[in-house]
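Okay, structure first, notes after.
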Amino acid sequence: MENLHHIVVVGGGAGGLELVTSLGNKLGKKHKARISLVDSGLTHVWKPLLHEVASGSLDANANEINYRAHARKHHYEFQLGRMSDLNRSAKEIVIAPFLDEEDQEVVPERRIKYDTLVIAVGSTANDFGTPGAQENCLFLDSLRQARRFHKLMLNAFLRKNHEAHQSQPHALNISIIGAGATGVELAAELRLASRELPVYGMNHLQSSDVSISVIEAADRILPALPGRLSAAATRELERHKVNVLTGQPVSEVRQGSLVMKDGTELPSEMTIWAAGIKAPPFLANLDGLEANRTNQLVVEQTLQTTQDPDVFALGDCAACPQPGSDHNVPPRAQAAHQQADTLFKTLCNRLEGKDPVPFVYNDHGSLINFSRYTTVGNLMGNLSGRSMYIEGKVARVFYVSLYRMHQVALHGFLRTGVIWLMDKISRAMHPRLKLH
Ligand SMILES: Cc1cc2nc3c(=O)[nH]c(=O)nc-3n(C[C@H](O)[C@H](O)[C@H](O)COP(=O)(O)OP(=O)(O)OC[C@H]3O[C@@H](n4cnc5c(N)ncnc54)[C@H](O)[C@@H]3O)c2cc1C
């Protein structure tokens, strides 16, 4: 074991967990290499599900993967801890002391040696230094934050329901800053929650008492996606009584309100920040590796960092160029998935002294899911390169298949089929909304 080539992957998210699973199955199982995963959490939930966890339309427990159990099954080692630094000359990563919930040290600082290192630590929301955002906004970067959001949302509904019962003013204003896919989908999920909760006993509150606003600085929602998609999404949000405010940058977030650039103040009891992302700050100064303004590690087409061919990066934390385009590969789950596939081939090649495989991003299109109401999107034709607009059930099938592909990469076809069946049974047996 000691002499085996050691591949360390930091971050078991959409990309990293798929990568260690295939490496473990192929190399770990046959003792051709030692594979380790380091993650700051004990469990994995696919990040694009977090807004559904936040609104309660998905029970995270049923979709959580325990890293230790998964590692045992797929022949890799799991180390719990947060990477804080790197020593490239010693070829070791530094793991910060592990603290419990009361901030007591459980495990002191550690170092892990690697032969090949893959950094896949994802991203967090970028509030662009907006005054009051950190103190007064909720974020959806992690399962913990999504669960906290869910509790706060239930409490806000409970409070307003009580006020309505007492015939007091009881309007609830929820604002989502940022109308990218996350903000738009979250708005639809929250509208669904506001309609479902009265069914489960909070019947003094009407859905119309809950005002949901999506606020976007650009002149249309989903600014990174085609105009037709943006128009369809605006129609859909308006149909569900979501206020869509575009061309309105937020200049300050206060407790209970938002201040717009033109000085207007909007009431907002719950404010969610969903505008923009940045990579974790520790990457900005990581032993001489090149990083860009949003802390992403700059990588070559091979996903090797520009300063060190033994250190790779993938997913949201990597700034990966696209040949023939001014834009880097976008921070999306489908990009992380494709990069994990390419890197798997590269790392297998590496053990045999062969060249790395260059990464080419294949944009399959974008899908926006409006909770249980509908889905809209565009699919890219592989040969023609042109996009095709889809909506409704067909779009929903493609949307759901993104998550199923992730599950297939982690569990294989058979187990994914069983999980799908269990999901169906669970949906039939449990309330449509998570109520605790
Ligand atoms: C609410 C929401 C909805 C989204 N919806 C979509 C969608 O519909 N379609 C789509 O394509 N994309 C979507 N995205 C974006 C998508 O989730 C990301 O692009 C994708 O998860 C990136 O994958 P990743 O592997 O780079 O990082 P992640 O999946 O974020 O995983 C990063 C992992 O690194 C770990 N980690 C972080 N820091 C450290 C550290 N210092 N040490 C050790 N471990 C660390 C984290 O615990 C985590 O497990 C959505 C994102 C959000 C927040």
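A few comments on the model shown:
- Listed by first and then second residue, the pairs linking a residue in region 270-293 that is farther than 24 Å from SER175 by Cα and part of a loop (DSSP other than H, G, I, E, B) to a residue that is among the basic types (Lys, Arg) and more than 10 Å from the ligand (Cβ to nearest atom), with Cβ atoms under 9 Å apart and 6 or more places separating them unless they lie on different chains, are LEU286/ARG88; ASP287/ARG88; GLY288/ARG88; LEU289/ARG88; ARG293/LYS278.
- Scan of region 248-269 for residues that are assigned to a loop (DSSP other than H, G, I, E, B), under 27 Å from HIS327 (Cα atoms) and open to solvent by less than 50 Å² (accessible area, probe 1.4 Å), ordered by number: PRO249
- Residue match in region 366-378 (condition: more than 14 Å from the ligand (Cβ to nearest atom) and basic (Lys, Arg)): yes
- Among the residues of region 11-46, those that are of a type outside the set (Ser, Thr, Tyr), assigned to a helix (DSSP H, G or I) and surrounded by 22 or more Cβ atoms within 10 Å (Cβ to Cβ) comprise GLY16, LEU17, GLU18, LEU19, VAL20, LEU23, GLY24, LEU27, GLY28.
- Positions within region 27-53 being touching a residue at least 40 places away in the same chain (Cβ under 8 Å) and away from the ligand (no atom under 16 Å from the Cβ), in sequence order: LEU27, GLY28, LYS29, LYS32, ALA33, ARG34
- Number of residues in region 1-10 that are touching a residue at least 40 places away in the same chain (Cβ under 8 Å) and either within 14 Å of the ligand (Cβ to nearest atom) or surrounded by fewer than 21 Cβ atoms within 10 Å (Cβ to Cβ) (or both) equals 5.
- Taking region 98-124 as the range and being outside any strand (DSSP E or B), out of contact with any His (no Cβ under 8 Å at 6 or more places or on another chain) and of a type in the set (D, E, K, R) as the test, the residues that pass are ASP100, GLU101, GLU102, ASP103, GLU109.
- One residue from VAL106, VAL94 being at pLDDT below 95, more than 30 Å from ALA187 (Cα to Cα) and among the β-branched types (Val, Ile, Thr): VAL106
- Verdict on SER89 being at negative phi, surrounded by 16 or more Cβ atoms within 10 Å (Cβ to Cβ) and of a type outside the set (Phe, Trp, Tyr): no
- The criterion of being surrounded by fewer than 18 Cβ atoms within 10 Å (Cβ to Cβ), over 12 Å from VAL311 (Cα atoms) and more than 13 Å from the ligand (Cβ to nearest atom) does not hold for LEU80.
- Members of region 338-373 that are more than 19 Å from the chain's Cα centre (by Cα), surrounded by fewer than 21 Cβ atoms within 10 Å (Cβ to Cβ) and part of a loop (DSSP other than H, G, I, E, B): GLU352, GLY353, LYS354, ASP355, PRO356, VAL357, PRO358, VAL360, ASN362, ARG372, TYR373
- You will find that of ARG404, ARG372, the residue that is farther than 28 Å from GLU300 by Cα, basic (Lys, Arg) and at pLDDT 90 or above is ARG404 and no other.
The values are calculated or read from the model by the stated rules, or taken from the named source; none is laboratory data. A quick note: this is a predicted structure, and the numbers were derived from the prediction, not measured. Note: ideal-geometry Cβ built from the backbone for every residue, glycine included; neighbour counts use all protein chains shown. When the accessible area is computed, the model is the full protein with side chains, heavy atoms only, and any ligands, DNA or RNA have been set aside. Shrake-Rupley method; radii C 1.70, N 1.55, O 1.52, S 1.80 Å.
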